[in-house]
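Asks: This structure is in structure tokens; I'll ask about it shortly.
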Amino acid sequence: MVEVRFHSLGGQGAVTLINMLAQAGDLVGRNVQAFPFFGAERRGAPVMCFLRMDDKPIDLRSQIYRPDFLVVMSPTVLEAAIAEGTKESTVLLVNMEEEEARGRLEQLPFASYAVDGTSIAIELGMEVEGLPVTNIAFLGAVSYVTELVPLEAVTEIIRENTPASRLDASMEAARRGFTSVVEIKKAKAAAGGGGAARRRK
């Protein structure tokens, strides 16, 4: 079983993100569990979401305290996300421009990746009330880093769930999210599992 915990701000679309990843997992025949945890339900408030995937039925119902992958959709919640719980082999994916990521993530004890989902959203006009909605870019980025679902499954789910007026932008956001991920720090040789260097597909 692979466990992924997501940290974001209200309005970035994290709940939609985990639901679409769950649909993509189901499409490729995996058992999936996805659910959010809300504090204050308002735009800009911290949000946590959880995703599990396995080839076998999933019986766990708890939150995820030591994730295999930690996805941080806003750099403002990075420290809080890490404090929420990790393990030595946790792989980190953060919404951050590459230069800033190299300054902030290389000191952390995790394999880490960065994608500038904010710029992708802004460039494609994916904003609500001035807040970039980064979830579709992160669909592609999570597909790339975790390898839980292929990009083809992600784009199929986007087609099924997106109005025609936003389809082209959403497909491009997912593609850019997938192809724009930058590896900041490799996993330790002894860690095994996720976080190994990956090739663009």
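Asks: For region 156-170, which positions are surrounded by fewer than 15 Cβ atoms within 10 Å (Cβ to Cβ) and among the hydrophobic types (A, V, I, L, M, F, W, C)?
Replies: Ala164, Leu167
Asks: Another one. Which of (1) assigned to a loop (DSSP other than H, G, I, E, B); (2) in contact (Cβ under 8 Å) with a residue 12 or more places away in the chain; (3) of a type outside the set (Lys, Arg) is the odd one out, the single condition Ser119 does not satisfy?
Replies: Of (1) assigned to a loop (DSSP other than H, G, I, E, B); (2) in contact (Cβ under 8 Å) with a residue 12 or more places away in the chain; (3) of a type outside the set (Lys, Arg), only one is false for Ser119: (1).
Asks: Any residue at all in region 83-105 that's touching an Asp or Glu at 6+ places or on another chain (Cβ under 8 Å), modelled with pLDDT under 95 and in a loop (DSSP other than H, G, I, E, B)?
Replies: Within region 83-105, none of the residues are touching an Asp or Glu at 6+ places or on another chain (Cβ under 8 Å), modelled with pLDDT under 95 and in a loop (DSSP other than H, G, I, E, B).
Asks: Closer than 12 Å to Phe178 by Cα and surrounded by fewer than 16 Cβ atoms within 10 Å (Cβ to Cβ): is that true of Glu152 in this structure? Please lay out each step first, then the result.
Replies: Working: closer than 12 Å to Phe178 by Cα: yes; surrounded by fewer than 16 Cβ atoms within 10 Å (Cβ to Cβ): yes.
Here the answer is yes, as Glu152 does meet what is asked.
Asks: Do we find that Val182 is β-branched (Val, Ile, Thr), under 20 Å from Pro67 (Cβ atoms) and at pLDDT 95 or above in this structure?
Replies: It is false that Val182 is β-branched (Val, Ile, Thr), under 20 Å from Pro67 (Cβ atoms) and at pLDDT 95 or above.
Asks: If you go through region 137-149, how many residues are surrounded by 24 or more Cβ atoms within 10 Å (Cβ to Cβ) and out of contact with any Leu (no Cβ under 8 Å at 6 or more places or on another chain)? Talk me through it step by step, then tell me what you get.
Replies: Within region 137-149, the subset surrounded by 24 or more Cβ atoms within 10 Å (Cβ to Cβ) is 137-143, 145, 149.
When the remaining residues are screened for being out of contact with any Leu (no Cβ under 8 Å at 6 or more places or on another chain), the result is 137.
Selection size over region 137-149: 1.
Asks: Need at least 1 residues that are over 14 Å from the mean Cα position of the chain (by Cα) and closer than 20 Å to Cys49 by Cα per element, so show me which helices (runs of 4 or more DSSP H) inside region 123-195 make the cut, counting only ones lying wholly within it.
Replies: 151-161
Asks: Report whether or not Glu106 is farther than 17 Å from Phe178 by Cα, in contact with a strand residue (DSSP E or B) (Cβ under 9 Å, 6 or more places away or on another chain), among the acidic types (Asp, Glu) and surrounded by fewer than 24 Cβ atoms within 10 Å (Cβ to Cβ). Before the answer, list the steps.
Replies: On the way: farther than 17 Å from Phe178 by Cα: yes; in contact with a strand residue (DSSP E or B) (Cβ under 9 Å, 6 or more places away or on another chain): yes; among the acidic types (Asp, Glu): yes; surrounded by fewer than 24 Cβ atoms within 10 Å (Cβ to Cβ): yes.
Judged against the criteria, Glu106 is a match.
Asks: Turning to a different aspect of this structure: When you check Leu21 against the structure, is it at pLDDT 95 or above, outside any loop (DSSP other than H, G, I, E, B) and either in contact with a Lys or Arg (Cβ under 9 Å, 6 or more places away or on another chain) or small (Gly, Ala, Ser) (or both), yes or no?
Replies: Working: at pLDDT 95 or above: yes; outside any loop (DSSP other than H, G, I, E, B): yes; either in contact with a Lys or Arg (Cβ under 9 Å, 6 or more places away or on another chain) or small (Gly, Ala, Ser) (or both): no.
Criteria not met by Leu21.
The values are calculated or read from the model by the stated rules, or taken from the named source; none is laboratory data. None of the values given here were measured: they were computed from a predicted structure. Note that we place each Cβ from the backbone using ideal geometry, even for glycine, and neighbour counts take in every protein chain shown.
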